[in-house]
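A short write-up of the structure that comes next.
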Amino acid sequence: MSDEVRLVEVGPRDGLQNEPDSVPSAIKIALVERLADCGLRHIEAASFVSPKWVPQMADGHAVLTGIRRQPGVIYSALTPNLKGLEAALAAGADEVAVFTAASESFCQHNIHCSIAESLTRFAPLLSLAKEQEIPVRGYVSTVLDCPYEGAIPPEAAAQVAGALYQMGCTEISLGDTLGTGTPKRVSALLSVVSQEIPLPQLAVHFHDTYGQALANIYAALEQGIRIIDSSVAGLGGCPYAPGASGNVATEEVVYLLNGLGMNTGVDLDRLVNTGRWICQQLGRHNGSRVGLAWPK
């Protein structure tokens with residue numbers, strides 16, 4: 001496996017959707033542009049879900065059409081269904097993502113349907129995306145633990161991830177939604193899931209509730225994972241996972257990877273400044289320890 005690691009920056013979507021108040025479109029646009037200026041080449045910039053469920057993301061079209069785009073950067077959007085995909089295409093998304101869960105209970109609470117029903121919804125979306133030559137990323141939440149069902153067997157996560165892959169998702173992101181995972185469990189999970197999906201098509205998405213995210217990322221790297229989701233300043237959380245903290249901070253991940261001699265193409269100085277800037281705009285505490293410790 002290569003020492004090149006691709007970071008998928010989810011702060012503008014997965015991070016900001018959890019803010020208590022809607023963030024102005026101008027700030028979202030500026031955040032996406034600043035992240036691209038840091039060297040990040042895959043940015044989840046918007047979401048096209050119903051404003052009824054996620055009002056913070058109602059301005060996806062304005063954000064995607066308002067950003068100054070850089071060549072070589074993928075600007076992606078979350079799309080739950082065919083209507084969402086059509087809106088994302090109209091806004092110029094380079095990639096879209098669908099989302100389900102490894103836990104039936106979490107799936108019902110999060111997207112109000114069963115796992116099987118969620119996969120059925122994705123079929124026409126994946127068909128149109130293929131026709132339009134738009135890559136589709138698949139998210140699987142609660143791959144380790146569920147707030148309603150407890151521990152999830154690796155085989156259950158592998159079954160859902162494998163179904164998404166067989167349907168045509170080009171990449172599958174495995175989410176430790178509660179942030180309860182530990183390296184041994186992550187390694188066991190990847191050993192099972194990698195039997196269904198080639199490692200180059202797998203990503204990890206860790207929350208840092210119990211301070212295990214970096215250790216879990218290291219375990220994933222040792223297994224051969226080279227795609228990591230992260231969020232600037234540790235923005236995020238999950239409204240359907242009580243107690244879950246934000247995503248692992250991109251600053252922390254870049255610092256770790258730099259120390260391992262792995263290449264991300266990200267300027268850590270600029271990234272730290274971007275994290276500080278967005279926290280000032282939101283009036284919130286910086287969730288990155290690197291961001292707090294880095295010399296000003």
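The values are calculated or read from the model by the stated rules, or taken from the named source; none is laboratory data. Source: prediction; values computed, not measured. Note: ideal-geometry Cβ built from the backbone for every residue, glycine included; neighbour counts use all protein chains shown.
The table below gives the values:
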item	result
Residue that is touching a Gly at 6+ places or on another chain (Cβ under 9 Å), under 16 Å from His205 (Cβ atoms) and of a type in the set (Lys, Arg), where the choices are Arg13, Arg41	Arg13
Whichever residue in the range 106-125 is polar (S, T, N, Q) and under 19 Å from the mean Cα position of the chain (by Cα) and, among such residues, is modelled with the lowest pLDDT	Asn110
Single residue of the range 137-164 satisfying the filter (within 23 Å of Asn81 (Cβ to Cβ) and of a type in the set (Val, Ile, Thr)) that is farthest from the chain's Cα centre (by Cα)	Val160
Criterion violated by Asp94 - all others in (1) surrounded by fewer than 22 Cβ atoms within 10 Å (Cβ to Cβ); (2) closer than 26 Å to Ile115 by Cβ; (3) among the charged types (D, E, K, R) satisfied	(2)
Leading residue by the ranking (surrounded by the fewest Cβ atoms within 10 Å (Cβ to Cβ)) among those in the range 9-51 that are of a type in the set (Val, Ile, Thr) and either closer than 14 Å to Gly236 by Cα or without any contact (Cβ under 8 Å) to a residue 12 or more places away in the chain (or both)	Val23
Residue satisfying condition, being closer than 14 Å to Asn216 by Cα and of a type in the set (Val, Ile, Thr), within set Thr177, Thr170	Thr177
Every pair of residues 6+ apart whose Cβ atoms lie under 6 Å, when the first sits in the range 267-290 and is touching a residue at least 12 places away in the same chain (Cβ under 8 Å) while the second is among the hydroxyl-bearing types (Ser, Thr, Tyr)	Gly275/Ser288; Val290/Tyr255
Residue match in the range 75-82 (condition: part of a helix (DSSP H, G or I), in contact with a Gly (Cβ under 9 Å, 6 or more places away or on another chain) and either surrounded by fewer than 23 Cβ atoms within 10 Å (Cβ to Cβ) or charged (D, E, K, R) (or both))	no
Strands (runs of 3 or more DSSP E) enclosed by the range 115-233 - at least 3 residues per element that are among the hydrophobic types (A, V, I, L, M, F, W, C) and under 27 Å from Ala36 (Cβ atoms)	202-206
Which listed residue is in contact with a helix residue (DSSP H, G or I) (Cβ under 7 Å, 6 or more places away or on another chain), free of Cβ contacts under 8 Å to residues at least 60 places away in the same chain and farther than 17 Å from Val248 by Cα, from Leu126, Leu174	Leu126
Those residues of the range 171-214 which are of a type in the set (S, T, N, Q) and within 18 Å of the chain's Cα centre (by Cα), in sequence order	Ser173, Thr177, Thr180, Gln201, Thr209, Gln212
Every residue from the range 254-292 that is among the aliphatic types (A, V, I, L, M) and either part of a loop (DSSP other than H, G, I, E, B) or under 18 Å from Asp3 (Cβ atoms) (or both)	Val254, Leu256, Leu257, Leu260, Met262, Val266, Leu268
In the range 55-105, the residues that are more than 20 Å from Asn18 (Cβ to Cβ) and among the β-branched types (Val, Ile, Thr)	Thr65, Ile67, Val73, Ile74, Val96
Qualifying residue in the range 201-222 (condition: in contact with an Asp or Glu (Cβ under 6 Å, 6 or more places away or on another chain), more than 22 Å from Gly175 (Cβ to Cβ) and crowded, with 22+ Cβ neighbours inside 10 Å)	no
Among the candidates Asn263, Asn286, residue that is farther than 23 Å from Cys146 by Cα and touching a Lys or Arg at 6+ places or on another chain (Cβ under 7 Å)	Asn286
Boolean, Glu104 is in contact (Cβ under 8 Å) with a residue 24 or more places away in the chain, buried (at least 24 other Cβ atoms within 10 Å of the Cβ) and not polar (S, T, N, Q)	no
